[in-house]
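Before any comments, here is the structure.
No value in this document is a laboratory result; all are computed from the given coordinates. On a predicted model such as this, the values are computed, not experimentally measured, just so you know. Neighbour counts run over all protein chains shown; Cβ positions are idealised from the backbone, glycine included.
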Amino acid sequence: MAKSDNAQDKQPEFIDIRSTESSKTGVAGALESLFRKHTQLCFSVALTPLIFLCLFLMSVAIVPGVALFHFIQEVTKDYAPVVQYLGVGISISVGFFLYGLSIIFLAPLTNWLLRLKIKPWRGHWYSLDSIPWFYHNALTYLVRYTFLDLITPSPLNILFFRMMGMRVGKGVMINSSNISDPALITIDDHAIVGGSATIIGHYGQKGVLILAPVHIKKGAMVGLKATVMGDVVIGEGVIVPPDKILLPKTRLADNEKIEP
């Protein structure tokens, strides 16, 4: 395996995860030091807006469904109960899909408005730099756990990942919603991500949070339920067997054969 030249490797090798003092200066340093001295309280305060943000996005996304529900109720109010019940059932089911189609655009829009540009990084879990990563993944998971499985695989799930910052080539098939850190992932032309495969652009090492890119090159395939962790490069034409785990810093040459 080749030594990685990612940006996070240029950071100091040793990070004292028990230190309560920040290496930053000025207001940012004082704030980060406060975070580390009172981690639970301060991070709860920092991430509480995220809860309200997600609730707001879900509320906005469900508005078309609510409007349809009230419309159907009004239209069927003079009909027999069975017609009213059928109308309500249809409005609820269609309303859910309207929610889904709304949320797959609202989450990336929010990600863009907040300028959550996630880049390779290595540092203390309790850092100001880690907060955008929390928000980026929370927006990804909001869609993933409420709707994404229902449009996987389809052009819509690829559109969502692209809008969240993933670089996706032509003819790519992504048959999984188990993806974190889309802004750190590149999938080249005609590559395939198999059913329930997991791709994550981060990992923890001795208490240190590491954000690192994943690159799946042209024509490669990640098999069923395989796991690809951060700081992995899969060469062109490589087939990753089902259930295989590719650990950080794995480098697979073009057309390399992998044992199951």
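Which residues make up the longest stretch of the chain clear of GluC sites (Glu not before Pro) that lie in a DSSP loop with no more than 15 other Cβ atoms within 10 Å, not counting the sites? Mind dumping the intermediate values first?
Details: sites that count: Glu13, Glu21, Glu256.
Between exposed loop sites, the widest span is 22-255.
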Query raised in the report: Going from the alpha-carbon gyration tensor of region 115-223, what semi-axes, largest first and in whole Å, does one get by taking the root of 5 times each eigenvalue?
Result: 24, 15, 12
Report task. Please state, as a whole number in µm²/s, the translational diffusion coefficient that the Stokes-Einstein equation yields for region 161-260 at 4 °C and 1.567 mPa s, with Rh defined as the Kirkwood radius across alpha carbon pairs. Result -> 99 µm²/s
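Give the percent of DSSP beta bridges with both residues in the chain that are antiparallel, rounded to the nearest 5.
Details: 8 of 29 bridges.
That works out to approximately 30 percent antiparallel.
Suppose we flag trypsin sites (Lys or Arg not before Pro) only when DSSP calls them loop and at most 11 other Cβ atoms lie within 10 Å. Which is the longest uninterrupted stretch of the chain?
Values: sites that count: Lys3, Arg18, Lys77, Arg115, Lys117, Lys170, Lys206, Lys257.
It works out to 19-76.
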Report task. Report P(r) for region 45-102: all Cα-Cα distances, bin width 5 Å, range 0 to the bin holding the largest distance, values in whole percent. Result -> 4, 20, 20, 16, 13, 10, 7, 5, 3, 1, 0
Requested in this report: Take every Cα pair under 8 Å in the chain that's 6+ residues apart, average their separations, divide by the length, and report that relative contact order as a whole percent.
Outcome: 15 percent
Query raised in the report: What pairs from Lys218/Lys257; Lys117/Lys244; Lys217/Lys257 go past 19 Å between their alpha carbons?
Result: Lys117/Lys244
Report task. Please return the longest stretch of the chain lacking exposed loop sites, where chymotrypsin sites (Phe, Trp or Tyr not before Pro) count only if DSSP places them in a loop and at most 10 other Cβ atoms lie within 10 Å. Result -> 15-144
**Report entry** DSSP H segments from the chain that extend 27 Å or more along their own axis, Cα-based, with Kyte-Doolittle mean of -1.0 or above
**Finding:** 39-76, 81-113
Query raised in the report: Rounded to the nearest whole Å³, what is the per residue volume of the convex hull around the Cα atoms of the chain?
Result: 147 Å³
**Report entry** Spin-label model distance (nm) - Leu31 vs Val94, 7 Å beyond Cα toward Cβ
**Finding:** 4.7 nm
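What is the extension gain from Thr186 to Trp125, computed as 0.36 nm multiplied by their sequence separation minus the C-alpha to C-alpha distance, in nm to one decimal? Walk me through the numbers on the way to the answer.
On the way: separation 61, 0.36 × 61 = 21.96 nm, distance 2.45 nm.
Stretched out fully, the Thr186 to Trp125 stretch lengthens by 19.5 nm.
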